[in-house]
1. Counting Lys +1, Arg +1, Asp -1, Glu -1, what net charge surrounds R32 among other residues with beta carbon under 13 Å of its beta carbon?
2. Taking θ as phi - 60°, what are the ³J(HN,Hα) couplings along the range 15-30 by the Karplus curve (6.51, -1.76, 1.60), each to the nearest whole Hz, with x for Gly and Pro?
3. Evaluate the distance, in nm, between pseudo-label points positioned 7 Å from the Cα of D78 and of I34 along their respective Cα→Cβ axes.
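Here, each number is a calculation from the coordinates, and none is a lab measurement. Predicted, not measured: the structure shown is a model, and the values here were computed from it. Counting neighbours? That spans all protein chains shown, and the Cβs are built from the backbone with ideal geometry, glycine included.
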Amino acid sequence: MTALQLNVELFRELNVIVTDEGMMEKAIKALRRITTSHRRASKAKATNEKTDWNDLPELPKEFKQIRGMGHFTQEDIDKDDRLAYILNK
């Protein structure tokens with residue numbers, strides 16, 4: 001069905017229940033459940049999108065090379081002020 005056909009069908013069905021307050025309440029609750037679940041699914045999908053770490057301009061070039069777990073000696077930490085700041089936070 002096209003969007004126009006679906007729209008016509010939706011309003012045709014709503015026209016049947018518009019005179020019954022109880023049926024209208026049920027329809028509104030059902031529509032709210034549908035829209036809420038759709039919003040949650042959209043939000044989850046947006047959250048699960050992978051981030052390209054190389055596109056983040058706020059990261060210093062040295063940090064972009066670091067991936068996953070790293071091991072830093074105290075000497076490495078002492079040489080790099082930014083690393084010392086992050087690790088001692």
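1. On the way: positive: K26, K29, R33, R39, R40; negative: E25.
Charge balance in the 13 Å sphere: +4.
2. 4, 5, 9, 4, 7, 10, 4, x, 5, 5, 4, 4, 5, 5, 4, 5
3. Distance between the two pseudo-spin positions: 6.8 nm.
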